[in-house]
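The values are calculated or read from the model by the stated rules, or taken from the named source; none is laboratory data. Nothing here was measured: the structure is a model prediction, and the numbers come from that model. Glycine also receives a Cβ, built like all others from the backbone with ideal geometry; neighbour counts cover every protein chain displayed. The area values use the complete protein model at the heavy-atom level, side chains included, leaving out ligands, DNA and RNA. Shrake-Rupley method; radii C 1.70, N 1.55, O 1.52, S 1.80 Å.
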Amino acid sequence: MSRMPNHVATTNACKLCTPLGACLAIRGIEGAVPFLHGSQGCATYMRRYIISHFNEPIDIASSSLGEKHAVFGGGPNLKLGLKNVIETYRPQVIGIATTCLTETIGDDVAMILSEFFRQTRASHMPAIFHVSTPSYAGTHMQGFHAAVRAAARQLIPLANDPPPRKPALNLLPGLVSPADIRHVKEIVAAYGLAPTVLPDFSDTLDGPALEEYPRIPAGGTPLAAIAAMPHSQATIEFGWVHEETAGRFLAQEHGQKLIRTGLPIGIRQTDRFLAHLSEITGRPLPAWLAGERGRLIDSLADSHKYVSGKRAVIYGEEDLVIGLAGFLAEIGVQPVLCASGAKSGRFAAAIRQVTEGFAPKESEVCEDTDFFAIAHRARELAPDIIIGHSKGYRLARELDVPLIRVGFPIHDRMGGQRILHLGYRGAQQLFDTVTNALIARKQNLSPVGYSYM
């Protein structure tokens, strides 16, 4: 359902470009260098966005095409760029993502790579995979999932490693924070499973301070672990809306048991995730997780009076908005508008599913939208709080309501890479943040102020 204004041009997009998402995914593979086949400006733009959120340096190689390559093709530049990256970085993996320019001129990357392998006699030849990511045909999340699927499809056949001895689980978390990845690995390990997380940028995009700058940071999913993914006990994939994913590939091509579940944000979705782990392993809920769940429920009882009946506008990538809508409904906040710049066709149904039984009325849902339209509806809906990334700051400022920053990108605050969204622990942090933001606003609006509740 949407009451958005009709217009023909996007004004302040509520999405990012497809190859940017692919670069994030590639950075989560051990020893990998993201490589953009396109103009230098694309790589510069993406580096700026990624660095300002994660506060970590990131190198993105580029074939640096110019005007003449739009006529004659970018094959020679791609080959030269790969040769330079191999000699300079000596990577284990290179992930190539295309851009609008190379997709428009029709460069056949697979053919160019075949020629490169025949022509190149390098002492060190990394694993190379490629993914088609034209910005005009999707969002950063589609690029992210396309890159993860391409990595699984093209890298698994490259190694002949034996299956892991310890019971293993493939975990495909999607675009969550490094803090989320670390916490989910901790949860999976508590059930006696060795998790293979793809991609795992918990270290490569959130590393320690070092005396010397490493061209390729430590961490990421090892190539051997990717090769062994078909031998794991099962694959758990977070998400509701994306269909062409690595999880689908593993299920269809390797007969892998696939469990798809929503992002475990809030109690109900975390319960479902942990129930799947118990089903796979036969183990009960670990005591420390039961304790976190109990403390979360206790905090909801303590603070429900501050959040109950409040109204929220949520925006961002679809799976995150769906998870947040379910979480808000659980704590008594009505998601009056759930918006995303993506267009999967499955967004509205998922919102209804996660809020069922909690929200007093159905949320207004809008996909394939922009911030012009979101602002138009938000002014009419008069929310008490706005939840999303930093691009909603101007709207929150105009409406004089708190902005709870979650997801990606967060450019105007520190610690975006350390925000915990998942599990009972993530729900606890989100609940405290939302509650205190609402309390602070009420306190600030009081004509006399107060210091005791």
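Key figures for this structure:
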read-out: For residue 94, residues with placed amide H under 5 Å, excluding near neighbours; value: 33, 127, 128, 129
read-out: Once the Cα gyration tensor of region 1-133 is diagonalised, semi-axes √(5λ) in Å; value: 29, 19, 12
read-out: Protection proxy ranking, peptides 109-121, 386-398, average beta carbon neighbours within 10 Å, highest first; value: 386-398, 109-121
read-out: Share of carbon and sulfur in the accessible heavy-atom surface of the chain [1.4 Å probe, %]; value: 51 percent
read-out: Aspartates and glutamates whose Cα lies under 19 Å from that of residue 257, excluding same-chain neighbours fewer than 8 positions away; value: 237, 243, 244, 279
read-out: Size of electric dipole in region 189-346: Cβ of Lys, Arg +1 and of Asp, Glu -1, about Cα centre, debye, nearest 20; value: 620 debye
read-out: Spatially proximal lysines relative to residue 185 (Cα-Cα < 18 Å; intrachain offsets below 8 disregarded); value: 166
read-out: Mean residue ellipticity (222 nm) of the chain, computed from DSSP H runs ≥ 4 via -39,500 (n - 2.57), nearest 500; value: -14000 deg cm²/dmol
read-out: Restraint check, 305/442; 305/391; 343/391, Cα-Cα greater than 21 Å; value: 305/391
read-out: Solvent-free Debye scattering, log10 I(q)/I(0), computed from the Cα coordinates of region 50-95 at q = 0.22, 0.30 Å⁻¹; value: -0.83, -1.03
read-out: Kirkwood Rh in Å, taken over all unlike Cα pairs in the chain; value: 22.9 Å
read-out: Semi-axis lengths, Å, region 399-453, gyration tensor of Cα atoms, sqrt of 5 times eigenvalues; value: 25, 15, 8
read-out: Kirkwood estimate for region 351-443, i.e. one over the average of 1/r between Cα atoms, Å; value: 14.7 Å
read-out: 0 to 90° range, to nearest 10: angle between helix 423-445 axis and the chain longest Cα axis; value: 50 degrees
read-out: Interchain or long-range residues, amide H under 5 Å from residue 364's placed H; value: 337, 338
read-out: Model label zone, residue 445; criterion: amide N under 20 Å from point 7 Å along Cα-to-beta-carbon; scope region 377-391; value: 377-388
read-out: Rg/Rg_globular for region 181-286, with Rg_globular taken as 2.2 N^0.38 Å and Rg from C-alpha atoms; value: 1.19
read-out: Counting all C-alpha pairs of region 109-248, share separated by more than 21 Å (%); value: 51 percent
read-out: Sequence-distant residues sharing a close amide H with residue 168 (under 5 Å, placed H); value: 194, 233
read-out: Heavy-atom accessible area per residue - the chain, 1.4 Å, Å²; value: 42 Å²
read-out: Dimensionless Rg ratio for region 278-430, taking C-alpha atoms and the 2.2 N^0.38 Å reference; value: 1.08
